[in-house]
Structures are given as structure tokens and as C-alpha cells.
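These notes concern the structure reproduced below.
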Amino acid sequence: MDEGYRVNARLALNRARDALDSGEIFRLRYAALELRMALECLVYERAQRYKEELPTKKLSTWQPKQLLNILLAIDPYADKTSTIRYGVQEAHGVPAKNMTTLGTDRMISLKEIKEYYDRLGSYLHSPTIEQTEKRKGIPDDKLRISCEDLFKVVESSLASKVWNSDLKETTSIACIDCGTKVVRRVRSTEDRYAATCMECEASYTLTRGEDGKFMWKEDGSELECVNPDCREKLFVLERDVALGKHWACRSCGGENAFALGVRFTPKALG
């Protein structure tokens, strides 16, 4: 397992500890910066598990909140802490009576990212005129408390005996629109899913068949050419049903477009 990001997170955490212990109030900013970098490293480490499901441009997202939101769109459990146990089944499908705990994978959650990342970031800029006059935005005990709280969060994650675990079952298809491989994580307890191509945003509905395999169906509607002398039918992806979107009719060559419309109803007489 590549531990590069984890090592960097630990180094950042150690530097934050040094800054916090220095007793110098303006070194609190350095502590905040290092702790933010530690958060980034732990989210990047998590994202490495999703390389198959993420196009390169999504992996290049540097803000941890945005990146974690992308991961959660793929896997609702991407930021959930989990405990891994194992045991020998006496019969197939029957949970083992004796289980051994391997460890707990303490994940950084989206809630924690929202709570700390932006808050600490506000201290990494020069205070505005208003903040200076009202003595806001200057490192103080509030910043120290936030740093100490976040330190404990990162430290608990790095203390996990197991980390970045990823037990998954997937199904995939080549996108009908752009050809990009679309991968969807599935679970034995659910038979219906939604999936979206991360490259072109074409969407799909997945349904588990009787054989256990998933059938992919692109989301969209069959529409007719508006030309009354044509009425050629065309399947339009749900993604493209939007104001301003248009297509050329294969039969008459005319252009159809989605647009706002106005309907007039005459005033009733009498």
C-alpha cells in the first residue's frame, strides 16, 4: 500500500504540534496551515481507492470538501468509519460465531471537513480593515481551541491499525455517449441504482436481474421532430433535456430546440 499521503499527514501533524507548543501566538497560523494540509493528505489518500471510478480531471480536485463530495456521489460510505472483523463460518451464509477484530478504520468525515477546513482557512489571510478595527481575524484562543480539536481528529485517524480499507463489488459499462468506463459500486442488499458518467454526465439506471447481474439503461426520452410533416423519433438523453439544447432531425434536416414558450388564452366573453 502506498503510504505517501499518510506519511505526509503525520509529518504535518508533528509540525502543527511544534507550532502549538511554541507558545507564540502567531505560530498558530502555521499550526492551522499544517492541520489543513494533514486533512488534504487523508482525503487524497482515500481518493486513491477510487481511481478506477474517477476520471483524471476529478482526481486533480485539490479542495478536500469538493473531492470528498465527489467520492460520496460514488460511494455513500466513503467517509464512514468502520471496524473490520473476520471469522470462519460453520455453514455458508451463516455469520461466524467467533469473530476476531482486525481494527477500526477511522475516516475523516465530510462533516469534520466542513467544520474545520474553512474555519481555519479564514485565519490564513491578512485581516480586512473591518476585522482589524473590530479585532477579528487575529489569531487568539479561539484559533488555538480549533487547532487543538482538529489535532485530536487527525491524530485519531492516523492512529488506526487499519486504514483506507475498501471492500467493494462493482459493475461497469462503456458510456454510450463518450465511451468512458462508468463504474458503479453495488451491494447485495440493494437491487436498483443510479449512475452518472463522470466525463460527460450521461445518467443511467441500474437494475439487478434474476441472474444477479445488473442491466444498465440510459436515462432519457423518445421525442418527435416538431416538424408536423416529419415526426421523426429520436432518443434524447435526460442530460440534454434542458433550455437551449438542440438536435438536428435525421429525416428532414431541421433543427429542434428546447425553449421557453408562452401560451395565450383569450378572455372569456360575457
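The values are calculated or read from the model by the stated rules, or taken from the named source; none is laboratory data. These numbers were taken from a predicted model, which means no experiment stands behind them. Don't worry about glycine lacking a Cβ; one is built from the backbone with ideal geometry, like all the others, and counts go over all protein chains shown.
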Next item on the list: Consider only pairs whose beta carbons are under 8 Å apart and that are at least six residues apart or on different chains; among these, list those whose first residue lies in region 97-112 and is farther than 16 Å from residue 70 by Cβ and whose second residue is among the basic types (Lys, Arg) and modelled with pLDDT under 95.
Entry: 99/85; 100/85; 101/85; 102/85; 102/161; 103/161; 104/161
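Residue-wise test of (1) under 17 Å from residue 37 (Cα atoms); (2) surrounded by 12 or more Cβ atoms within 10 Å (Cβ to Cβ); (3) among the hydrophobic types (A, V, I, L, M, F, W, C).
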{"site": "72", "(1), (2), (3)": "no, yes, yes"}
{"site": "77", "(1), (2), (3)": "no, yes, no"}
{"site": "81", "(1), (2), (3)": "no, yes, no"}
{"site": "96", "(1), (2), (3)": "no, yes, yes"}
{"site": "100", "(1), (2), (3)": "no, no, no"}
{"site": "104", "(1), (2), (3)": "no, yes, no"}
{"site": "120", "(1), (2), (3)": "yes, yes, yes"}
{"site": "123", "(1), (2), (3)": "yes, yes, no"}
{"site": "129", "(1), (2), (3)": "no, no, yes"}
Item checked: Candidates 136, 142, 152, filtered to the one that is in a helix (DSSP H, G or I) and modelled with pLDDT under 90 -> 142
Next item on the list: Those residues that are surrounded by 12 or more Cβ atoms within 10 Å (Cβ to Cβ) and assigned to a loop (DSSP other than H, G, I, E, B), I need them from region 238-270; list them, please.
Entry: 241, 245, 249, 251, 252, 254, 258
Next item on the list: Scan region 197-233 for residues that are of a type in the set (Gly, Ala, Ser) and surrounded by 14 or more Cβ atoms within 10 Å (Cβ to Cβ) and report the count.
Entry: 3
Item checked: Odd one out for residue 201 among (1) out of contact with any helix residue (DSSP H, G or I) (no Cβ under 9 Å at 6 or more places or on another chain); (2) free of Cβ contacts under 8 Å to residues at least 60 places away in the same chain -> (1)
Check: Pairs, please: C-beta under 9 Å, at least 6 apart or cross-chain, first residue surrounded by 17 or more Cβ atoms within 10 Å (Cβ to Cβ) and in region 175-189, second in a loop (DSSP other than H, G, I, E, B) and among the basic types (Lys, Arg)?
Finding: 185/168; 186/168
Note to self: Among the listed residues 59, 68, identify the single one that is of a type outside the set (Asp, Glu), modelled with pLDDT under 90, within 30 Å of residue 197 (Cα to Cα) and within 23 Å of the chain's Cα centre (by Cα).
What the structure shows: 59
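Residue 93 - would you say it is touching a residue at least 24 places away in the same chain (Cβ under 8 Å) and outside any helix (DSSP H, G or I)?
Considered against the rule, which asks whether it is touching a residue at least 24 places away in the same chain (Cβ under 8 Å) and outside any helix (DSSP H, G or I), residue 93 comes out as no.
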Margin query: Can you tell me which condition residue 107 does not meet? The list is (1) among the aliphatic types (A, V, I, L, M); (2) in contact with a helix residue (DSSP H, G or I) (Cβ under 8 Å, 6 or more places away or on another chain); (3) assigned to a helix (DSSP H, G or I), and all the others hold.
Written below: (3)
